[in-house]
1. Rounded to the nearest 5, what % of DSSP beta bridges with both residues in the protein assembly as shown are antiparallel?
2. For residue C:222, what accessible surface area do you get with a 1.4 Å probe? Give it in Å², rounded to 10.
3. In whole Hz, what ³J(HN,Hα) sequence does region B:349-364 give by Karplus (6.51, -1.76, 1.60; θ = phi - 60°), x for Gly and Pro?
4. Please give the Cα centre distance for region B:8-47 versus region B:97-146, rounded to the nearest Å.
5. With Kirkwood's inverse mean 1/r over C-alpha pairs for Rh, give me the Rg to Rh ratio of region B:15-140, two decimals please.
6. With every protein chain kept in the model, how would you rank B:342, C:289 by accessible area, 1.4 Å probe, largest at the top?
7. In a solvent-free Debye calculation with one equal scatterer on each Cα, what is log10 I(q)/I(0) for region B:107-209 at q = 0.15, 0.16 Å⁻¹, listed in the order of the q values?
8. Which values of log₁₀ I(q)/I(0), to two decimal places, follow from the Debye formula for region C:242-287 at q = 0.23, 0.28, 0.33 Å⁻¹ with a uniform point scatterer at every Cα?
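The values are calculated or read from the model by the stated rules, or taken from the named source; none is laboratory data. Because the structure is predicted, anything quoted here is derived from the model rather than measured. A quick note on method: Cβ atoms are made from the backbone with ideal geometry, for glycine too, and the neighbour counts reach across all protein chains shown. Heads up: the accessible areas ignore ligands, DNA and RNA and are worked out on the full protein's heavy atoms, side chains in. Shrake-Rupley method; radii C 1.70, N 1.55, O 1.52, S 1.80 Å.
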Amino acid sequence: MCQFRIQGSSLKIYEYIIRRLILLFFVLFAVSALVFYLVRGFPTGIAPWAPYITSRMTPEQIDRVIKAHGFDRPIWEQFFYWLRDIFNGDWGLTGTWAQGRPANEVFFDHFPYTVELSIFGTILTVAIGVPLGIISAIKNNKFPDHLSRIIALAGYSTPSYWFGFMLQLVFFYYFSLWGLPYLPSSGAPDFIVPKITGLPIFDGLLAGNLGYVWDEFLHLILPAFSLSFISLGFLARIVRASLLEVLRQDYITMARSKGLSERVVIYRHALKNALIPAVTLTGIFFAALLGGAMITEFVFSWPGVGQQALRAVFQGDSNFLLVYSFVFAIVIVSANLVVDVLYAFIDPRIKY
Amino acid sequence: MAEKRAESQPVLEIRNLKVNFSTYKGIVKALNGVDLKLYSREVLALVGESGCGKSVTAQTLIGLLPENASILEGEMILNGKNLTKKSKEEMRMLRAQAIAIVFQDPMTFLNPVLTIETQLEEVFMLQKNLLREAVAIQKAEGDVKFADLIKAKSAGSSQTDKGASKKETKKVAKKLSIDLLRMVKLPDPKRILKQYPFELSGGMRQRAMIAMAFARRPSLFIADEITTALDVTIQAQILHLLKGLRDRIDASTLMITHDLSVAAEVADRIAVMYGGNIVETALTRALFRKPFHPYTQMLLRAIPNILNPVERLESIPGTVPEMINPPPGCRFHPRCPHAMEICKGERPKLLEVEKKHEVACYLY
Amino acid sequence: MQSREEKVRKGEWEARIADLKYTLHLFRKNPLVMIGTIITLFFVALALLSNIIVDPNLAYASGYEGGMYRFDRKYMWSAGHIINWGPGISIYSGPEFFYLGTDGWGRDLLAMIILSIPVDLYNAVVIVSIAAVFGTLIGAIAGYVGGIFDEAILRITDIFFAFPGLVLALVFAAMFGRTMETLQLAIVLVWWPPYVRLIRGQILSEKEKPYVEALRALGASHIRILFRHVLLNSIFPILVQITMDLGGVILTFSALMFLGFSPSPSMPELGNLAADGYGHIFDAPWVMIFPGLVMLVISLAFNLVGDGLRDVLDPRLRR
């Protein structure tokens, strides 16, 4: 990540943002080209023209469809057609035989679910990961430190599919066997409230339909927890490293020399300094969770974008994958950018 | 006039203090039996090269030694209380109310993300007694100044009736902060309170730290190389400030420095430290006029003299002893031109050779 | 000139050895790292001895017809109980008592797990080695040489970072086909960029250090400086990353297997074994539980070592 110090005129920020945006365009282009080549160029699943034809078409009709959409052209020509098409908003069709729907529609139908999952996953990650890191740093090299490090690392080392299933096993199957209240194991309830933000829980709250909100929430707990368990280790270690570094600083010695209790030293003096990098990283976390939710969505049959992406990979569905990678490239690069700028805002030492 | 300040009973007495650090490379014997006396309302300068143990002495006094340090032997007695026997919690209370320390580099020793107000007021908020007194004075006289509190302390009065409310204490703390900042000659204290450390200059930050120290009305005030990180003009200002303040604040000061000229500026007495021991203590003038210990003599000869320019500056041969395997007996003997056989044996004790002038050397 | 450069190198090696001794000392003081190392060594030993402990033929069930192994029915046996999934002859006869139950093909799960450890470890080591070597070399050259080459490499890694890793690996895997080598390649392609970033950062700061200039003055060529001095001095974070990546790659590799990319459905591999349990998670949970658990422990061991190593090598914690 580019380092920058902003001093003096605010022109420098805009310059920096514009540079990053240009980089974004380049990345988008390159990523799309790469995915296009990989998926279209090596058709593995179903044929790329499958969504455009029906099973009743004759070979000649199929042939005409193929020629009309340019599927018989060389790859780079196809790529340019694709580029031209997306400027007109046409992202191609996705899906299986004759059930093709516009790829961008399918994507944005499922996207809110992934976003919702990531939001709650991030909240859980922060809620558990930050205290773990703090404990590790304060009681460095003593038992609580070792315990929380094992927990954090265990999360990091857990196979994502395995953990999801274990959660289902315990909280759904065994709980119901033992007569305990249990959590639903998969899926999400149908979207029955009017779409405003697109996010199920928030729309439910806005519509005042608390039953729906609760239902959605119950379905959300296990996948969100599964997702967060795997990433909280990373956050905890960053918090720990940061806090340890801060506790070594001179101003902490000064604070202690004033006779402040250790608790006050940590909460008032140390934490604010230490959490700055951690907080800004939360943005990147969120972006990463968005992309990494694929297997979790699969395990829990969560109707998000990751599940669709999985399907698309197996079907060789290039249109959907292109939308997917396009959106994620934007998300990740913007998240990085936002985090960098935020960092400059939060730290009072960096002036404009 | 400085001589008159020294009274018979020392405020602080350190006896045979030995402190070790256990490190990967071995045990560092940092303090090798330090003997020191600090009298009421005097300024004692602790001078020595880097690594001789001055800062370790300060750390031991305030009770903030790192984990791998241990006090082997010795005592530190402040106002009759033995600091070496105190628990961590008790030391913490002392740091809040009786012992204050100002450090060397005001940039790194102030928290960059907290305002001066926060960092100064928290010192006040720790002292319930002071706050109650202040509120009482406020109620009685309609206004309170920090000077009042100093008078209150030396008068030994405790006008503590019932406790004060949180709002009142906060208001009073803020008032006192502004007053204190004014005392350390900071312009526009109200504005400074709202600022962050990076917005102040080096000299201003150092004054703020001094304010934070004096806010405790300390019996013992330790200044650990406070001028080293400042350039010469600011240095002069700070020293001037300290000299002005010491008449108003009833504290005894331990001034740690490696710069003899700084010591000459402010100190009533000087103690010279080498290799974890005090080798000589004397009143300032006496030390410069008639140094007894060979180390002190060579130290003074090494200072360029504007009245007596020489071609080559004298330096002390050899290097500072490494503390894991220090030379036995008197730690200076490998570099001492007057070294005798006896110097390699037991360490010489501090003996009074003239009035108020002590030396630790077998020459005497 | 030759001998002076030799002296520099000799000095460097002495410093490195002293450093290493201190590192080992710190290592020993850290209980988590010791646990991690012990577990890792245990699994490595297990991997090396697996063919002795368990008969490898157990992995390939009997039932040989027309030149192909056949699996008619899936039977799941759980430590003594037989769950019959329908009529059909039992294709497997083996020891009576299955400590961990059987997998979907009726094979002893414990034996299968033991047999799959070398597979996983081997692949993880291969993948990480290739990715690390490749990434480090490219990153080192890019960092040292700078200029357009550096910019180009940076942009390329940017592209890789803008993509969720697993998806990219999947796409590569789908594209390449289902042999071991292609799977390894797929994962290598996703794991090499972090090394570039890592080594580049190190090299950039090492480059500015005075000893590099001194070596140039002595007449050493750039290549010599890079490979014999600068690179070796920057190697520590790479080692940490390698250890932690071993834990991560095992997870990714088995995830790919789980999703169906394994060369053969009956191959003993932890993800593959877990995939068997996918459809039967509630009635035969052991098929999923135990392979996953073993994978967790292996990965945890690697991560403990790597994490501890990172702590130990932190320059600010050293005296």
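1. The antiparallel proportion sits near 70 percent.
2. 90
3. Values, residue by residue: 8, 6, 10, 7, 9, 9, 5, 6, 9, 10, 9, 10, 7, 6, 5, 10 Hz.
4. Value for the Cα centre distance between the two parts: 28 Å.
5. In region B:15-140, Rg relative to Rh is 1.02.
6. B:342, C:289
7. -0.62, -0.70
8. -0.77, -0.94, -1.08
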